[in-house]
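For reference, the structure is listed below as structure tokens.
Since every read-out is calculated from the coordinates, none of them should be taken as a lab result. Computed from a predicted structure; not experimentally measured. Cβ sites come from the backbone with ideal geometry, for glycine too, and all protein chains shown count toward neighbours.
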Amino acid sequence: MNLWFRVLWLFLTAPFRARIVPPFGVSRLNFRVWPLDLDTNLHLNNGRYLTIADLGRADLLTQTGLWKSVLKEGLLPMLSGSAIRYKRELKPFQAFTLESRIVCWRATTFVMEHRFVIRGKDGEPMTAAIALVRGGLYSRKMRQFVPASRLVEMAGYTGPSPDFAPDIEAFLAVESGLKTR
């Protein structure tokens, strides 16, 4: 239930947060680990990380202004893969920042990164977890995914995608190598 409050808060506060320059701006959302976020080990549930990352992607849509086109054209955000690495636990009531950004794109696929950042005892930022997700926007009218180049153009960018780093290529290779039965 608390996720619905976070979604509501995200959309209510969107007009008051700084705009993100598309497509390379970084969304920064501040959260706290609440009791309903915990698993039996009394830290942030591993599934909750990806659920909170959904809010980072929603913020990217709202703060780049792309959400207007998404609603107008009836586009649906869809993920086709994710990978997450946990480095440090997030404890009850601990504050953290979710940093979300678009890393690169090709054809109809975007790769986005979500970093869960905490402050160390010295105040320095430390990554608690990092997730890579692969996805795109699906057009119900056209019954296909929208080309990534068109989407970044809709957001006001006409340049190329950044080069795919080796870790991104490895992530995509694993994703494309999976076979369904």
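The protection proxy used here, the mean number of other Cβ atoms lying within 10 Å of each residue, ranks peptides 12-22, 143-153, 128-138 as follows, highest first: 128-138, 143-153, 12-22. For residue 20, the residues whose modelled amide H falls within less than 5 Å of its own, excluding neighbours fewer than 5 places apart on the same chain, are 64.
Here the 3J(HN,Hα) profile of region 14-24, calculated from phi with Karplus coefficients 6.51, -1.76 and 1.60 at θ = phi - 60°, is 3, x, 9, 8, 5, 5, 9, 6, x, x, 9 Hz, Gly and Pro shown as x. In this structure the amide hydrogen of residue 155, modeled in the peptide plane, comes within under 5 Å of no amide hydrogen from residues 5 or more places off or on another chain. Couplings 3J(HN,Hα) for region 110-121, derived from phi with the Karplus relation 6.51 cos²θ - 1.76 cosθ + 1.60 (θ = phi - 60°), are 10, 10, 10, 10, 10, 10, 9, 10, 10, 9, x, 4 Hz, where x marks Gly and Pro.
Separation of region 151-180 from region 18-75 is 19 Å, based on Cα centroids. Looking at region 45-103, the GluC sites (Glu not before Pro) that sit in a DSSP loop and have at most 14 other Cβ atoms within 10 Å of their own Cβ are 89.
Between helix 2-13 and the chain there is an angle of about 60 degrees, using the helix long axis and the longest principal axis of the Cα atoms.
Each Lys or Arg adds one and each Asp or Glu subtracts one; over the other residues with Cβ under 12 Å from the Cβ of residue 128, this totals +4. Which of the three applies to the chain, rounded, prolate or oblate, going by the alpha-carbon gyration tensor with a ≥ b ≥ c and a/c under 1.5 meaning rounded? Prolate.
Taking amide H atoms as placed 1.01 Å from N in the peptide plane, the amide H of residue 81 lies under 5 Å from those of 134, each 5 or more residues away in sequence or on another chain.
Packing here is the average count of other Cβ atoms within 10 Å per residue, and on that basis the peptides 27-33, 108-114, 39-45, highest first, run 108-114, 27-33, 39-45. Between beta-carbons, use under 9 Å as the cut-off and find the net charge around residue 48, counting Lys and Arg +1, Asp and Glu -1. Net of charged neighbours comes to -2.
Before rounding to the nearest 500, sum -39500 (n - 2.57) across all DSSP H runs of length at least 4 in the chain and divide by the residue total; then give [θ] at 222 nm in deg cm²/dmol. All intermediate terms of the calculation are to be shown ahead of the outcome.
Values: 5 runs with 58 residues, N = 181.
Calculated from helices alone, the mean residue ellipticity at 222 nm is -10000 deg cm²/dmol.
Taken one residue at a time, the phi angles of region 144-153 give Karplus couplings (6.51, -1.76, 1.60, θ = phi - 60°) of 7, 6, 7, x, 4, 4, 5, 5, 5, 5 Hz. Gly and Pro are set to x.
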